[in-house]
Amino acid sequence: DQMLLVAAQLSEKLNLPCYIDYETAKNVSSKEYMKRIFVENNIPTAKYIVGSSISLSVIGELNFPLIVKPVDCYSSRGVKKVLNYDELLSAFENAKNLSRTETVIVEEFVDGLELSVDIYVENGKVNILCIRSLDKIPNSEKFIICRGNYPAKISLATKGRVQDVAQKIVEAFGLVDTPMLIQMKINDEQIHILEFCARTGGGIKYRLLPKVCGFDVVKAVLDLTLGEKPHVAMKPLNTFIVDEFLYCNPGILDHTEGFEELLKNGVIDHYEIYKSAGYQFDEINSSGDRVAYFSVVADTEAELRRKHQIAASVVKAVDNKGKDLIRHDIINI
């Protein structure tokens, strides 16, 4: 998101092609601007306040539990759920220290199924490429993704509402030709938008999207950057996919085990190792603390579960004393 803002500003100053102008990039990169536009355009989102200081009078009628987040940080840095005012004060100061503008959003917590929705907008029209559900590390007040599940288990009616609210966002922000990523929650079939950005999904989305919809959104963005206009032509695949992101207990990494064996045996479809020997794991604070990830692909849910359980039991991140550091308690579906 930060790089999108830089790219848009430089492209504007140097008269280079870019799929988004600098003013729009600011609106979709700052959670403060974004939430304001949501409210102005009746886009469903949680009640919130934004500022650089906090008090009981400032939070007004907001009801606990609350979510605290810096307006301009990513990868879940500084995001925390708080249950009372004392916890709010501590989380607010931490988020403020992480923010480049020392500005924090406090919003009401919305429970429900979290969805990650990848979209390509062509001529102002929404094309949904992928809807998957996200699991977070359990029993944590932080909101760190540990798993992505495709397809998300939602009704056709809910899919229609996702399409409608995505189109409403496109029109509110004046988007024309752009990739888009929306994070939202579904509760009793009601949608609450958490945030979005006019960019492709990060991490392993470059591999996931062509597999599930047949459209290469990374190539599309490159074409846009070169001043060309790609056309969305999708070929949805009937498949089941789990992307498992692995985290560790505290310790120093010596090596990883099991990944190549699982790949050769067809249990996993792909894997990536994110940390090198000598890396020291401490508390899990953001998605940047992942040691690795693996992807499981199957034709049925039963086969997906079987492969996932095998992979979960085999992968290791070993320290110099032979101890496996991976948090296997997190790896479950």
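Contact order, relative form, for the chain: 15 percent (alpha carbon pairs under 8 Å, 6 or more residues apart, mean separation divided by residue count).
Taking label points 7 Å from Cα along the Cα-to-Cβ direction, Lys13 and Leu222 give a separation of 2.7 nm.
Averaging 1/r across all pairs of distinct Cα atoms in the stretch 184-333 and inverting the result yields a Kirkwood radius of 17.6 Å. Stretching Asn320 away from Phe109 to a fully extended chain increases their span by 71.8 nm, per 0.36 nm per residue minus the current alpha-carbon distance.
Once the C-beta distance of Glu189 and Thr101 is scaled by a Förster radius of 45 Å, the resulting FRET efficiency is 0.80 to the nearest 0.05. Shown here: the stretch 9-68, whose C-alpha atoms stretch 47, 25, 16 Å along the first, second and third principal axes, sorted largest to smallest. Take the Cβ atoms of Lys153 and Val176, set R0 to 35 Å, and the FRET efficiency comes out at 0.60. Extension gain, Tyr85 to Asn123, is 9.1 nm, computed as 0.36 nm per intervening residue step minus the present C-alpha separation.
Largest first, the residues Ser276, Ser30 sort by 1.4 Å accessible area into Ser276, Ser30.
For the stretch 1-159, the number of Lys pairs separated by eight or more positions or lying on different chains, with C-alpha atoms closer than 12 Å, is 8. For the stretch 197-239, the alpha carbon positions stretch 34, 23, 15 Å along the principal axes, listed from largest to smallest. Fully extending the segment from Val6 to Ala277, taken as 0.36 nm per residue of separation minus the present Cα-Cα distance, adds 94.3 nm.
Here each label is just a point 7 Å from Cα along the line to Cβ, and for Lys142 and Lys264 those points are 3.5 nm apart. Close amide H pairs (under 5 Å, H built 1.01 Å from N) link Cys146 with Asp135, Lys136, Ile137, residues at least 5 positions away or on another chain.
For the chain, modelled as a GNM whose springs connect Cα atoms under 10 angstrom apart, the maximal fluctuation among His231, His270, His192 occurs at His231.
Sorting Ser55, Ser133 by accessible area puts them as Ser55, Ser133; the probe is 1.4 Å, largest comes first, and only protein heavy atoms count. In the distance distribution for the chain, Cα-Cα pairs more than 38 Å apart total 17 percent. Is the shape of the stretch 97-173 rounded, prolate or oblate, going by the alpha carbon gyration tensor and its root eigenvalues a ≥ b ≥ c, with a/c under 1.5 for rounded and a/b larger than b/c for prolate? Cα axes put the stretch 97-173 in the oblate bin. A straight line joining the Cα centroids of the stretch 32-62 and the stretch 283-298 runs 31 Å. The H on the amide N of Ile191, modeled in the peptide plane, is under 5 Å from the matching H of no residue at least 5 residues off or on a different chain.
Residues whose amide H lies under 5 Å from that of Thr256, counting only those 5 or more places away or on a different chain, are Val318; hydrogens are built 1.01 Å from N in the peptide plane. Could you tell me the center-to-center distance, by alpha carbons, between the stretch 116-143 and the stretch 191-215 in angstrom? The distance from the Cα centre of the stretch 116-143 to that of the stretch 191-215 comes to 6 Å.
Ordered by solvent-accessible area of protein heavy atoms (1.4 Å probe), largest first, the residues Leu89, Leu208 come out as Leu89, Leu208. Among Asn249, Asn265, Asn149, the largest mean-square fluctuation in a Gaussian network model of the chain (Cα springs under 10 Å) belongs to Asn265. Phi-derived couplings, Karplus 6.51 cos²θ - 1.76 cosθ + 1.60 at θ = phi - 60°, listed residue by residue for the stretch 234-243: 10, 10, x, 10, 8, 9, 10, 9, 10, 9 Hz, with x used for Gly and Pro. As a ratio to 2.2 N^0.38 Å, the alpha-carbon radius of gyration computed for the stretch 192-278 takes the value 1.44.
Pull out a ≥ b ≥ c, the square roots of the eigenvalues of the alpha-carbon gyration tensor of the stretch 152-221, then state rounded if a/c is under 1.5, prolate if not and a/b is larger than b/c, and oblate in the remaining case. Cα axes put the stretch 152-221 in the oblate bin.
The values are calculated or read from the model by the stated rules, or taken from the named source; none is laboratory data. Because the structure is a prediction, the values reported are computed rather than measured. Every residue, glycine as well, gets a Cβ built from its backbone with ideal geometry; the counts of neighbours run over all protein chains shown. We work out accessible area using only protein heavy atoms, side chains counted, and drop any ligands, DNA or RNA first. Shrake-Rupley method; radii C 1.70, N 1.55, O 1.52, S 1.80 Å.
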